[in-house]
Amino acid sequence: MPLLSCQLDSTRRRGTFDVLSCTPRDDGLFDLLLADSVLYPEGGGQPGDRGTVAGVAVRDTQPAPQGVRVIAEGPVDPGPHEVVVDWERRFDHMQQHSAQHLLSALAQDHLGLATVGFHLGDDATTIDLDGPLSAAQRDRLAAMANDAIRQARPVQAHVVSVEEYEGMALRSRGLPEGHEGPVRLVSIEGVDVNTCGGTHVSHLGELQLVHIARVERYKGGSRLHFLAGGRALRALDAARDRDRALSERL
Ligand SMILES: [Zn+2]
């Protein structure tokens, strides 16, 4: 699939794109087919975007063989329309996704732990590592991540040919079966280069901070729950409010 506008410029919040077709669904919503869009389709652990097409609310965006399938709350006539991203939600996803690349790279290079799973949810984001993580390792990982954030290292997406990709020594899981066309790489300067189709911040300073909230044993390895950026700041506020409520009761 050719790269989409949301992948070519992840900071782009709106644009005019052609709606190719509009099909009613059984659940009362409508499937809009677009060849290109600023709306990111679910993939690589990152949820699909919400926003609007021609002012009609978008519930979800999914990949389609010809581009993206946008699930809208109402019908939209085929033709060119303004597409707008729910930027607050998308930027939150960019913060969590870039933080995942950072934590996974540091866990691999400094703790010898490979990432075997990643889930970006509405509340929690998790990384599954292939071995146990002690409290000391957890704190070291968080300290290294926040150190890289302080350095505001640049995050960049590059596109290379399959031949160039195969000549590079990367830790990535490899290309999906039947991959054709250019390969998109996302790099964090001095920390990581990995294949990824997702949307990312421009530099690590935009992550503000990373907090590892919880580590649990999971399938012989560990599952790490983390918060980045706005989510981490809101969790601090919530912790303060809980502390205050508790001390008032004592
Ligand atoms: Zn990624």
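The values are calculated or read from the model by the stated rules, or taken from the named source; none is laboratory data. Being a predicted model, the structure only gives us computed values, none of them experimental. Quick reminder, even Gly has a Cβ in these numbers, built from the backbone with ideal geometry, and neighbours come from all protein chains shown. Calculation scope for accessible area: heavy atoms of the full protein, side chains included, ligands and nucleic acids excluded. Shrake-Rupley method; radii C 1.70, N 1.55, O 1.52, S 1.80 Å.
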In the stretch 177-188, anything within 16 Å of the ligand (Cβ to nearest atom) and closer than 28 Å to Gly131 by Cα is listed as Leu185, Val186, Ser187, Ile188
Just to be sure, is Leu120 in the same structural domain as Glu206 (by TED's automatic domain parsing), closer than 17 Å to Ser222 by Cα, within 16 Å of the ligand (Cβ to nearest atom) and buried (at least 23 other Cβ atoms within 10 Å of the Cβ)? no
Find all pairs meeting these conditions: Cβ atoms under 8 angstrom apart; at least six residues apart or on different chains; first residue within the stretch 31-60 and farther than 16 Å from Gln7 by Cβ and among the aliphatic types (A, V, I, L, M); second residue at pLDDT below 95 and part of a loop (DSSP other than H, G, I, E, B). Leu33/Gln66
Residue selected from the stretch 197-225 under the condition of a type in the set (Ser, Thr, Tyr) and in a loop (DSSP other than H, G, I, E, B), by the criterion farthest from the ligand (Cβ to nearest atom): Ser202
Would you tally the residues in the stretch 81-115 being part of a helix (DSSP H, G or I) and within 16 Å of the ligand (Cβ to nearest atom)? 19
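At least 1 residues that are of a type in the set (D, E, K, R) and touching a helix residue (DSSP H, G or I) at 6+ places or on another chain (Cβ under 6 Å) in each: list the strands (runs of 3 or more DSSP E) lying fully within the stretch 135-195 that qualify. Let's see the steps before the verdict.
Working: elements: 155-160, 183-188, 192-195.
Because the criterion is at least 1 residues that are of a type in the set (D, E, K, R) and touching a helix residue (DSSP H, G or I) at 6+ places or on another chain (Cβ under 6 Å), the strands (runs of 3 or more DSSP E) in the stretch 135-195 that meet it are 192-195.
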Only residues that are surrounded by fewer than 18 Cβ atoms within 10 Å (Cβ to Cβ) and either under 15 Å from the mean Cα position of the chain (by Cα) or basic (Lys, Arg) (or both): list them for the stretch 31-43, please. Glu42, Gly43
Which listed residue is free of Cβ contacts under 8 Å to residues at least 12 places away in the same chain and either within 17 Å of the chain's Cα centre (by Cα) or farther than 17 Å from Arg153 by Cβ (or both), from Ala228, Ala235, Ala239, Ala213: Ala239
May I ask you to verify whether Arg150 is open to solvent by less than 50 Å² (accessible area, probe 1.4 Å), among the charged types (D, E, K, R) and more than 15 Å from the ligand (Cβ to nearest atom)? no
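Return a yes/no flag: does the stretch 238-248 have any residue that is open to solvent by less than 50 Å² (accessible area, probe 1.4 Å), outside any helix (DSSP H, G or I) and either at pLDDT 90 or above or under 22 Å from Cys6 (Cα atoms) (or both).
Residues of the stretch 238-248 that are open to solvent by less than 50 Å² (accessible area, probe 1.4 Å), as a first pass: 238-239, 245.
Cutting the leftovers down to outside any helix (DSSP H, G or I) gives us none.
No, every residue in the stretch 238-248 fails to be open to solvent by less than 50 Å² (accessible area, probe 1.4 Å), outside any helix (DSSP H, G or I) and either at pLDDT 90 or above or under 22 Å from Cys6 (Cα atoms) (or both).
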